[in-house]
Amino acid sequence: MPEKLDIVTIDGPSGVGKSTVSRGLANRLGFVYLDTGAMYRAVAYGLQQAAVDLENEAEVKRFLDGMKVELLPPGRPDDDVRVFLDGEEIGGLIRTPEMGMLASRVSALPVVRKKLTILQQAMGRNGKIVAEGRDTGTVVFPQAAWKFYLDAAPEERARRRIDQLKARGEQVDEVEILAQIIKRDRDDSERTIAPLKAADDAVRIDSSRLSASEVIEQMLEVIGR
Ligand code: DC
């Protein structure tokens, strides 16, 4: 059996609290937090800005070959990772529901998945990371020592996302947010390559009635720290 890597993977549907939990767990373990969703969002943003035709695989590939996505740790431990595309900081521009929908669409393209999977594996080369996404336990890091699958009912996830957006002072169409979550779940789970799915050896946690710190404590128990 291949040797297990010093990596934690946390997969699950959108709005389940993966980012807060992954960031908190990474802080507790002294690991680096790898937000793979931010990479798909950055690529979606770049493709949109460059007006690339998503149906044209050669054009998408040319964009991917020329772009540079970088993730840097935030200034404060509770902030989102800083995301750069070709040197431009875009974190504030990609964390919108619309960019989430576009990232989901873009993430179904085989050339995009291939490129980002390779980048993510390179980022995890030295271990000691908490990787968060849809396929981190199944495809990106199948040899991770600890795998989790976080889940919660769509209505609960929509409620949390609505609270988050309101806290940022944004206008929220609550019915639309729930509809987007349900569509993204379906599209992410039904795509052919690397669909959203729990790895066979993942520990499942339902976060519907748990706070982020309670989820982190459960994970630390599984990890043995
Ligand atoms: O986690 P997020 O909401 O930032 O992710 C945005 C989209 O990116 C998500 O709907 C699907 C895609 N994604 C993916 O396909 N694989 C990953 N490992 C992470 C994200």
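What follows draws every value from the coordinates through simple rules; no lab data is involved. For clarity, every value in this text was computed on a predicted model and none was experimentally measured. So basically every Cβ, Gly included, is an ideal-geometry build from the backbone, and we count neighbours across all protein chains shown.
For D206 and L72, the FRET efficiency from 1/(1 + (r/R0)^6), where r spans their Cβ atoms and R0 equals 30 Å, is about 0.40. Charge dipole of the range 5-218 (Cα centre as origin; +1 on each Lys and Arg Cβ, -1 on each Asp and Glu Cβ, all else neutral): 360 debye, rounded to the nearest 20. Shown for I118, I193: other C-beta atoms within 10 Å of each C-beta, ranked fewest to most, produce the order I118, I193.
Under the shape rule built on the C-alpha gyration tensor, where the axes satisfy a ≥ b ≥ c, the range 142-225 is oblate, since a/c reaches at least 1.5 while a/b does not exceed b/c.
Taking a ≥ b ≥ c as the square roots of the eigenvalues of the Cα gyration tensor of the range 168-217, is the shape rounded (a/c under 1.5), prolate (a/b larger than b/c) or oblate?
Values: a/c = 2.95, a/b = 1.13, b/c = 2.61.
Taking the square roots of the gyration eigenvalues as a ≥ b ≥ c, the range 168-217 is oblate.
Ordering A158, V172, L196 by the projection of their Cα atoms onto the charge dipole of the chain, which places +1 on the Cβ of Lys and Arg and -1 on the Cβ of Asp and Glu, puts L196 at the extreme positive end. Farthest towards the positive end of the charge dipole of the range 1-61, among the residues V52, S22, M39, is the Cα of S22, using unit charges on the Cβ of Lys, Arg, Asp and Glu.
Pairs from the table (K68/K166; K18/K183; K18/K115) lying more than 25 angstrom apart at Cα are K68/K166.
Within straight-line reach of K128, meaning a Cα separation under 15 Å, sit the following aspartates and glutamates at least 8 residues removed in sequence or on another chain: E3, D6, D35. A helix-only calculation puts the chain at -14500 deg cm²/dmol for mean residue ellipticity at 222 nm, using -39500 (n - 2.57) for each DSSP H run of at least four residues, averaged over all residues.
Across the chain, C-alpha contacts under 8 Å between residues 6 or more apart give a mean separation that, scaled by the residue count, equals a relative contact order of 34 percent. With neighbours defined as other Cβ atoms within 10 Å of a residue's Cβ, the residues L25, L178 order from fewest to most as L178, L25. List D11, D185, D200, D206 from most exposed to least, where exposure is judged by having the fewest other Cβ atoms within 10 Å. Going from least to most buried by this count: D200, D206, D185, D11.
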